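These notes are about the structure you will find just below.
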Ligand code: SF4
């Protein structure tokens, strides 16, 4: 996993509430057995005017000119500004894979859906919750200033605007540690293999019916 | 000290260790696996040279991609027409063989939607922690289990370590008191709950459903309610164990037997919130007030009683709400103030992990018996949740009731719930669906989904538009 420390990046908008994971990456792309290559199909139904198919070359498809990510000013964005309950719906990790593959490393919204929020951290993406009023203001600043960038400082846990204003954000310490160091969760958990085996031994004795064979 | 909630008890009993920062390792008793969210997890194991921690904790079944048309299905994996779907189902088979995981293969009679199969086979038991790379894993909480959806990285994590890194959630109690009116079902209850608290209302919480109405529901109905906890934003929904739970589990293939059964039942009887348990939030609804529900928009919270009218953006409380309503009306092709009963249907889908169990099919069959699907409805289909449900329904002759009425009777799978196989809506088509998500494009590009109960879907198929099933 890619480590995340300090990111200075162009900001793009996803200006509606309750953006679900079906909208982030429609189901036909979930048929892939790989975890990369989803970027061209991020927000597929909003970005293109036709219906996308897996494996298709997207470069010749008709694009929806009204959709901000298709506007020249947002090309190369790495910070996505969003509204309430971003990432609701299905648990598909293809959603963060698509965001990451497209180039987003940081998401800022007033709230995120639980499973999606958690999935972001596993993929080197930092989801940041800021107060709805602040997010609203950032939307305004971004729309007003072409080339609007934010600096996202994970070690300091703050987002800084071009004018130097700093906004603090919360992030749970363990997730921060993993993200800062690009650590693989599984390796960390396996450091506790003995504790897991101890627990399992006790639990098996107490609830042997949970350990029956499925054959 | 106050007592514990059901969630507290399940959490506490599976706690391997807690870190100082509040994150914890939780032991997982059962992982259910399907073809869509597992290939990358198995690939990860392979790349790191790891093996599953406890193979026997895992049970796999293909469901999302499998064809539901008999001819295509009869050919097994080789018969799947779409090469991308075929590869994904085959990859599941290959991975299960490589890692020695039990799989109900595509044409095994036990195959079905993963959330129907688990409880049906007794692979889901009270008191378990259950995960699956699928958000509707909350379904299994109906048996007094802690069950939630996870992402693919976590699927790999559970395969490799039998644990999940978790933060404890907050406790919410949703109590539905009183009695339901005839014709009002578990689906209407949960849609009404989502209408009340919103699709993000349960974010950060584990929801326990309680009250007389929930107690009166069958196990199938309880699964319908817990299934949609995630549509209220809660990763986990659960219901206390009672005699109904125990009776449901008894005798199932993987349920404990003999002396172990007695011990298990004694332990399961403790799986309820203590009388003095404290919840962070309590929401109460009255059963009598709940009418049959229909979603009119593109989020499950955009729901109304069948005798309602779709909202007018002009009356919205805020600019954001006005935008959301306008966008949804436009996508759904509805006009402000239109009566729900004036919505005409092109297709009807009875199925999905929300409503494809035997009781759902019985209820739908009772509505259509001796009648005919309206000529304006292009397709009405019934997709049983599993091979076992299909067998049972056929033994009761339900399939004949459906086909005589003009509904198609299909092979088990997820089908048009998410349209990964060839069962889809065309652009602009309205569908009465017993599934759980009405997001844009969910059932097909440009498709318009209305979530309802099996009875309401069945009645809509006959009438060609929504009708109040209480008058049926
Ligand atoms: S039936 Fe629908 S919601 Fe349920 S597991 Fe299948 S795709 Fe997901």
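The values are calculated or read from the model by the stated rules, or taken from the named source; none is laboratory data. These figures come from a predicted structure and were not determined experimentally. Quick reminder, even Gly has a Cβ in these numbers, built from the backbone with ideal geometry, and neighbours come from all protein chains shown.
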>> Quick check on this structure: which one of A:47, A:16 is closer than 19 Å to residue B:437 by Cα, in contact with a helix residue (DSSP H, G or I) (Cβ under 8 Å, 6 or more places away or on another chain) and surrounded by fewer than 21 Cβ atoms within 10 Å (Cβ to Cβ)?
In response: A:16
> Residues in region B:6-36 that are within 7 Å of chain A (Cβ to nearest Cβ) and either within 13 Å of residue B:156 (Cβ to Cβ) or within 16 Å of the ligand (Cβ to nearest atom) (or both): how many?
Replying inline: 1
> From the set of residues in region A:138-175 that are at pLDDT below 95 and crowded, with 17+ Cβ neighbours inside 10 Å, which is farthest from residue A:107 (Cα to Cα)?
Replying inline: A:174
> If you take the residues of region B:367-394 that are more than 23 Å from residue B:71 (Cβ to Cβ) and out of contact with any helix residue (DSSP H, G or I) (no Cβ under 8 Å at 6 or more places or on another chain), which of them is nearest to the ligand (Cβ to nearest atom)?
Replying inline: B:376
> Residues in region B:156-172: is at least one free of Cβ contacts under 8 Å to residues at least 12 places away in the same chain and touching a helix residue (DSSP H, G or I) at 6+ places or on another chain (Cβ under 8 Å)?
Replying inline: yes
> Among strands (runs of 3 or more DSSP E) lying entirely in region B:276-339, which contain 3 or more residues that are at pLDDT 95 or above and surrounded by 17 or more Cβ atoms within 10 Å (Cβ to Cβ)?
Replying inline: B:293-295, B:303-305
> Residues of region B:25-49 being touching a helix residue (DSSP H, G or I) at 6+ places or on another chain (Cβ under 8 Å) and farther than 24 Å from residue A:37 by Cβ, which ones?
Replying inline: B:25, B:26, B:27, B:28, B:29, B:30, B:31, B:32
>> Quick check on this structure: which one of B:431, B:417 is at pLDDT 95 or above and within 10 Å of the ligand (Cβ to nearest atom)?
In response: B:417
> Counting residues that are away from chain B (no Cβ under 13 Å), which helices (runs of 4 or more DSSP H) fully inside region A:1-109 reach at least 1?
Replying inline: A:94-102
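Okay, residues lined up against (1) out of contact with any helix residue (DSSP H, G or I) (no Cβ under 6 Å at 6 or more places or on another chain); (2) more than 14 Å from chain A (Cβ to nearest Cβ); (3) away from the ligand (no atom under 16 Å from the Cβ):
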residue: B:437; (1), (2), (3): yes, no, no
residue: B:444; (1), (2), (3): yes, no, no
residue: B:447; (1), (2), (3): yes, no, no
residue: B:455; (1), (2), (3): no, yes, yes
residue: B:459; (1), (2), (3): no, yes, yes
residue: B:466; (1), (2), (3): no, yes, yes
residue: B:470; (1), (2), (3): yes, yes, yes
> Of everything in region B:1-25 that's buried (at least 20 other Cβ atoms within 10 Å of the Cβ) and assigned to a strand (DSSP E or B), which residue is nearest to the chain's Cα centre (by Cα)?
Replying inline: B:25
>> With the condition being under 17 Å from residue B:137 (Cα atoms) and either within 16 Å of the ligand (Cβ to nearest atom) or at pLDDT 95 or above (or both), I'd like the helices (runs of 4 or more DSSP H) fully within region B:156-246 carrying at least 1 qualifying residues.
In response: B:186-197, B:219-227
